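Every number in this text was worked out from the coordinates using simple rules, so none of it is lab data. Nothing here was measured: the structure is a model prediction, and the numbers come from that model. Glycine also receives a Cβ, built like all others from the backbone with ideal geometry; neighbour counts cover every protein chain displayed.
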Amino acid sequence: MNDETSGLRNNDQTPENPFVLFNEWLNLAVASELNDPSAMSIASVDTQGMPNVRIVLMRRFDERGFCFFTNFESQKGEELLVSKKAAAVFHWKSLRKQIRIRGEVEPVRDAEADEYFNSRPRGSQIASSASKQSQPLPDRKEFEDAMKALEAKYEGQDVPRPAHWSGFRIMPLSIEFWDDGEFRTHDRLRFDRDKLDAEWETVRLYP
Ligand SMILES: Cc1cc2nc3c(=O)[nH]c(=O)nc-3n(C[C@H](O)[C@H](O)[C@H](O)COP(=O)(O)O)c2cc1C
């Protein structure tokens, strides 16, 4: 892309706050991506330091950070609860843009998890309640039977959020914006802060 809309090219266009630029790029992605413009890859590490990565949907963000929802007993759930750190990347093919995030992780408050869970389609509520995410599933019928049992149990009632299902907030210490340039002359601009309540500093990087 590397045009005037990227906000990266000239030093005098550099926004002071990375969330403003993030929001602009996400809006461009919402308008142009075929599917899941809020999909991001989340990297975690296990207790041996072995990295792990998978895609989740970023469901909300504000100046505190970027939230996604998942099963806290899944592999990612266990890894993030222990290490309390994550890296994330958004890549929007239609825009030829990438945003990389590194930061600290904390669970969202119960009220926030409830609010999001209650907004989900009932089928998703049942499926996430029945899923022992990341555990071996010897026979798919086991999962289907568990969903049927929950549908019967909660017939005519709201499905309660299971205690093991909630959200994480990635609170960024570093956010890097990457914008495609002709002949690999990409623009890279990184916002860093050494702690969460510090001011952001920006650094431009060679492509
Ligand atoms: C487009 C896309 C969106 C996804 N969104 C989520 C999500 O929001 N939450 C989630 O738990 N898993 C999501 N998944 C599934 C994860 O990639 C992953 O398979 C699952 O969470 C188990 O990961 P784990 O074993 O590392 O915990 C998504 C997968 C794709 C391809």
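So what's the back-of-envelope 222 nm ellipticity for the chain, counting only DSSP H runs of four-plus at -39500 (n - 2.57) apiece and dividing by all residues, rounded to 500?
My calculation for the chain gives -8500 deg cm²/dmol from helical runs alone.
For the chain, the longest principal axis of the Cα atoms and the long axis of helix 110-119 meet at an angle of about 80 degrees.
Once backbone amide H atoms are built at 1.01 Å from N, E73 has no partners under 5 Å, excluding neighbours fewer than 5 places away on the same chain. Amide H contacts for R60 (H built 1.01 Å from N in the peptide plane; partners 5 or more residues away or on another chain; cut-off under 5 Å): C67.
Each residue in Y154, Y206 was given a count of other beta-carbon atoms within 10 angstrom of its own, and listing them fewest first yields Y206, Y154. Once the convex hull of all Cα atoms in region 47-94 is built, its volume per residue stands at 101 Å³. Shape class for region 65-155, computed from the alpha carbon gyration tensor (a ≥ b ≥ c): prolate, with a/c not under 1.5 and a/b above b/c. Counting neighbouring Cβ atoms within 10 Å and putting the fewest first, the residues F19, F66, F90 line up as F19, F90, F66. On the beta carbon distance between L57 and F143, with R0 = 25 Å, the FRET formula returns roughly 0.75. Phi-derived couplings, Karplus 6.51 cos²θ - 1.76 cosθ + 1.60 at θ = phi - 60°, listed residue by residue for region 58-75: 6, 9, 7, 8, 8, 6, 7, x, 10, 10, 9, 10, 6, 8, 6, 9, 6, 4 Hz, with x used for Gly and Pro.
Taking neighbour counts of Cβ atoms within 10 Å as a proxy for exposure, in what order, fewest first, do L8, L173 appear?
L173, L8
Rg and Dmax over the alpha-carbon atoms of the chain stand at 19.3, 61 Å.
Using a/c under 1.5 as the rounded threshold, could you call region 150-207 rounded, prolate or oblate? The axes a ≥ b ≥ c are square roots of the C-alpha gyration tensor eigenvalues, and prolate needs a/b larger than b/c, oblate otherwise. It comes out oblate by the Cα gyration axes.
Each of the peptides 100-111, 187-198 was scored by the mean count of other Cβ atoms within 10 Å over its residues; in descending order, highest first, they stand as 100-111, 187-198. For the pair D36 and R122, label points projected 7 Å from Cα toward Cβ lie 2.6 nm apart.
Residues of region 159-192 falling in the label zone of D114, defined by backbone nitrogen less than 15 Å from a point 7 Å along Cα to beta-carbon, are 159-167. Separation of region 164-198 and region 19-57, taken as the distance between their Cα centroids, equals 10 angstrom. With θ taken as phi - 60° and the Karplus curve 6.51 cos²θ - 1.76 cosθ + 1.60 applied, the whole-hertz 3J(HN,Hα) list for region 24-31 is 4, 5, 4, 4, 4, 5, 4, 6 Hz, x standing for glycine and proline. Converting phi to 3J(HN,Hα) with the Karplus coefficients 6.51, -1.76 and 1.60 and the offset θ = phi - 60°, region 87-98 yields 10, 9, 9, 9, 10, 10, 4, 5, 9, 6, 10, 9 Hz in sequence order, with x at every glycine or proline.
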